[in-house]
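For reference, the structure is listed below as structure tokens.
The values are calculated or read from the model by the stated rules, or taken from the named source; none is laboratory data. None of these values were measured; they are calculated from a predicted model. No Cβ is skipped: glycine too gets one built from the backbone with ideal geometry, and neighbour counts run over all protein chains shown.
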């Protein structure tokens, strides 16, 4: 299990971190407001593109870029806030609402392999940031699976988030597949995913399948449902 991000032992460094986090959080409303403006304009362009029969025009490109930016901003804000978590832990929450919102509202395909009403001791906001960042690995978003894994004897549990990033193996049926991430952006994106996973108390791993795709797996250790959840970010 990876050690979650916690407060720094140096009081002066911790104070600077809190000040930086507060300043960043105070700018969140402005940043998201600008992004919503861009997304609204992109939707208008997509409607005009659809009328002209150009489904993959500038509107779709602008919308995808804005959503990638939104996911990255949310992820980085979460990592920053998780470095100095609040002392009051959150209670276990069901993930059904989050899965429904991302699957239907944002078009992120998620296969939740446990009942949505089951309480899970995980920071839901951090999990949202993780899923959003995974979803923008490629367009369309990769299929994401959520499952609960149990250790020997059933004493320990993990929330497993898995997906196949097929950016290295485009679907041959696709007429014009989107360009894969650049050589520098993919490692950077994986670094952000690893940081969010660590802030959630988990680890990120990947391996290449025989077909050339990359399978990503995030394992998040789950404390017992009656225990406090350490290392959460109250964003």
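Tabulated data
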| quantity | calculated |
| --- | --- |
| Selection from the range 53-89 of residues that are modelled with pLDDT under 80 and surrounded by 18 or more Cβ atoms within 10 Å (Cβ to Cβ) | 83, 84, 85 |
| Tally, over the range 102-152, of residues that are under 24 Å from residue 77 (Cα atoms) and in a strand (DSSP E or B) | 4 |
| Test set (1) surrounded by 13 or more Cβ atoms within 10 Å (Cβ to Cβ); (2) modelled with pLDDT of 80 or more - residue 37 fails condition number | (1) |
| Residue in the range 183-235 that is modelled with the lowest pLDDT, counting only those that are under 20 Å from residue 70 (Cα atoms) and not in a helix (DSSP H, G or I) | 235 |
| Residue match in the range 96-111 (condition: at pLDDT below 90 and in contact with a strand residue (DSSP E or B) (Cβ under 9 Å, 6 or more places away or on another chain)) | no |
